[in-house]
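A.B. asks: Structure in structure tokens, see below.
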Amino acid sequence: MQIVLLALDPNEPAPSWMPIVALAIPVVIIAAVLIPALRYRARHKKAMRRSRGGVGEDSVALGSSASISDGATYSVDGLRKALAVKPEDHGPTDSEPHDEGWAGTMLGLRSKMSTATEVLEPHVYWGRRELGQVFVRIGPDEEIEGGTMLGSNRHIRQITVLRVAAPEFKLDVIDGVPAVVEGAAPGIENVFSRMAQAAEIWQDAAAQGGPEGIVISRGAITSPDFWIYDLWLLEAIARQLRLRPLDDARIGPAWRVPYGIGRQPVSTP
């Protein structure tokens, strides 16, 4: 690309097009920022509207997730209650006046909620559930964690891991339903065949399975708290395929996500 520099004579009157160019530059900059923001906002509103229209917590029995054939038909609150091992309780706890990690506590998980104001730091949940160890991180991923500047939202993600011995495969969302796009996981189609199209719920979600477990990654900006859907899906897959839990590892806030997905989203065909 060639760049042409125009030399203007300071003694000559300014060309008639100069005010137009001066006005166009900030307009272009504003549009470049505003248009993606409006798209994110529209996607967020659609996702939240779809979730709120799902089965609510008042209609859900605590710990009933194994009987759910399609988690996307539930609201976030309803599905969280179905996955829970304890009723919702915001505290106080033994050490705090309010349990900031109450969502993890409901699910039988420990939590470390970020209080950082100057560095990028995620919220983290971890622990053992019936089908294996679970690890969830929400916010800045491993690529930008600890930094002080956010260049884009690409690395603000929800990453959910279930530590089970899984076949090697990758999932993407096709026509609003998760589907295997690489590798194979015999029997997994039985999970997906019970699910209706729900593009708003599964937007941006992609997964990778293998000997270190199954990991689902998605953006955290347009669908906050949708890791609840991902945890339901991981456990539904593990239950359907009768996957063996891996031996317990020492997981916690500093644990690294398998397959490099803590640093980069799942790469799908």
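The values are calculated or read from the model by the stated rules, or taken from the named source; none is laboratory data. Computed from a predicted model, the values in this text were never measured in an experiment. Here Cβ is always computed from backbone atoms with ideal geometry, including for glycine, and neighbour counts include all displayed protein chains. Side chains included, ligands, DNA and RNA excluded: accessible areas come from the protein's heavy atoms. Shrake-Rupley method; radii C 1.70, N 1.55, O 1.52, S 1.80 Å.
A.B. asks: Could you tell me the calculated FRET efficiency between residue 256 and residue 61, based on Cβ-Cβ distance and R0 = 35 angstrom, to the nearest 0.05?
C.D. replies: Efficiency for this residue pair is about 0.45.
A.B. asks: While we're looking at this one, here's another question. Dividing the Cα radius of gyration by the Kirkwood radius, what Rg/Rh value follows for the range 158-242?
C.D. replies: On the way: Rg = 11.7 Å, Rh = 12.6 Å.
Answer for the range 158-242: 0.92.
A.B. asks: Turning to a different aspect of this structure: I'd like to check one number: the per residue accessible area of the range 111-265, probe 1.4 Å, reported in Å² as a whole number.
C.D. replies: I get 42 Å² per residue for this part.
A.B. asks: Counting pairwise Cα distances across the range 189-232, what percent come out greater than 15 angstrom?
C.D. replies: 49 percent
A.B. asks: In whole Å, how far is the Cα centre of the range 189-203 from that of the range 75-137?
C.D. replies: 25 Å
A.B. asks: Over the Cα atoms of the range 55-117, Rg to Rh with Kirkwood Rh, two decimal places? Please report the intermediate quantities before stating the final value.
C.D. replies: On the way: Rg = 13.2 Å, Rh = 12.6 Å.
That ratio is 1.05, to two decimals.
A.B. asks: What is the percent of Cα-Cα separations in the range 132-206 that go past 15 Å? Please list the in-between numbers first.
C.D. replies: Working: 1854 of 2775 pairs.
Taking all Cα-Cα pairs of the range 132-206, the fraction more than 15 Å apart is 67 percent.
A.B. asks: For the range 178-269, what % of the accessible area comes from carbon and sulfur atoms, probe 1.4 Å?
C.D. replies: The value for the range 178-269 is 49 percent carbon and sulfur by accessible area.
A.B. asks: Take the cross-link list 86/112; 86/170; 81/112; 45/86 and give me the ones stretching past 27 Å between alpha-carbons. Provide the component values of the computation, followed by the final result.
C.D. replies: Values: 86/112 18 Å; 86/170 32 Å; 81/112 21 Å; 45/86 30 Å.
From the list (86/112; 86/170; 81/112; 45/86), the Cα-Cα distance tops 27 Å for 86/170; 45/86.
A.B. asks: Could I get the Rg over Rh figure for the range 113-269? Both from C-alpha atoms, Rh via Kirkwood, rounded to two places. Could the numbers behind the result be given before it?
C.D. replies: Numbers: Rg = 15.0 Å, Rh = 15.7 Å.
We get a ratio of 0.95 for the range 113-269.
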